[in-house]
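S.K.: Okay, here's the structure, questions in a sec.
The values are calculated or read from the model by the stated rules, or taken from the named source; none is laboratory data. Because the structure is predicted, anything quoted here is derived from the model rather than measured. Counting neighbours? That spans all protein chains shown, and the Cβs are built from the backbone with ideal geometry, glycine included. Heavy atoms of the whole protein, side chains included, go into the accessibility calculation; ligands, DNA and RNA do not. Shrake-Rupley method; radii C 1.70, N 1.55, O 1.52, S 1.80 Å.
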Amino acid sequence: MISSDPYKKMMHNLMEDSWTISPEELKKENKVKNLYEKLETHMRQLEETAKELTNDPNNSFSKAAENVRDNIDFMNHVNQNFTYVQIPIRFSNQSSTGDLYVYKNKRTPHDPDEALTAFLHFDLDHLGSTDISVKLLRNNVDTRFYMEDDASFKLLQENITSLEERLKNKGYNVTLSITNDGKGINLIEDVMKKEEKTSLSLKTERFSFDARA
């Protein structure tokens, strides 16, 4: 039964529901924090269980769980200086990992007259590599999409009016733009390392995991 396809699919769905978060859930306070606390607990339990069952401390399952915990530790260290998180997000037809970086000075309160800037990165089945820059100043929002190729550029261009209408309905003055020059935004190289020069010294490394695994 354990090796059957229905059982594997059921286990995959259970793990995906438990270890990912939907866009709607992101609205809830502390939802991402609670997700990672649960994920770290589950990974530690799975790591220990796999070692006991296999009598091998270096088995592949334990190493995978350990890598996820290392990834969480990495983000905890990064967040001492930067507001950055990887979000294992669950969409209606796929799961992916999104990178979110909010540009702000963590040592001073946010000034409402100061623009809040956020950068996001997704790798999506239909849009490919997608970088998004968002600047918010009170009710004015400027959003720029950096697409991977002409096909994704065209697909977003055909549907972006829906996003514009939803933002306007929420009371925002909206400016949207799309480019597909292939440059995009590198969160580590273009953003975090630039701010690092004015922050405490931090060795920046990149760890990531695919929620679909």
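S.K.: Going through segment 88-98 one residue at a time, which ones are open to solvent by 20 Å² or more (accessible area, probe 1.4 Å) and either in contact with a helix residue (DSSP H, G or I) (Cβ under 6 Å, 6 or more places away or on another chain) or in a strand (DSSP E or B) (or both)? So that I can check it myself, show each step before the final result.
M.R.: Taking segment 88-98 first, the residues open to solvent by 20 Å² or more (accessible area, probe 1.4 Å) are 90-94, 97.
Result: ARG90, THR97.
S.K.: Being open to solvent by less than 30 Å² (accessible area, probe 1.4 Å) and hydroxyl-bearing (Ser, Thr, Tyr) is the requirement here; does TYR146 meet it?
M.R.: Taking the combined requirement at face value, the residue does not satisfy it.
S.K.: Let me ask you something else. SER60 fails exactly one of the following numbered conditions: (1) among the small types (Gly, Ala, Ser); (2) within 23 Å of PHE145 (Cβ to Cβ); (3) open to solvent by 70 Å² or more (accessible area, probe 1.4 Å). What is the number of that condition?
M.R.: (2)
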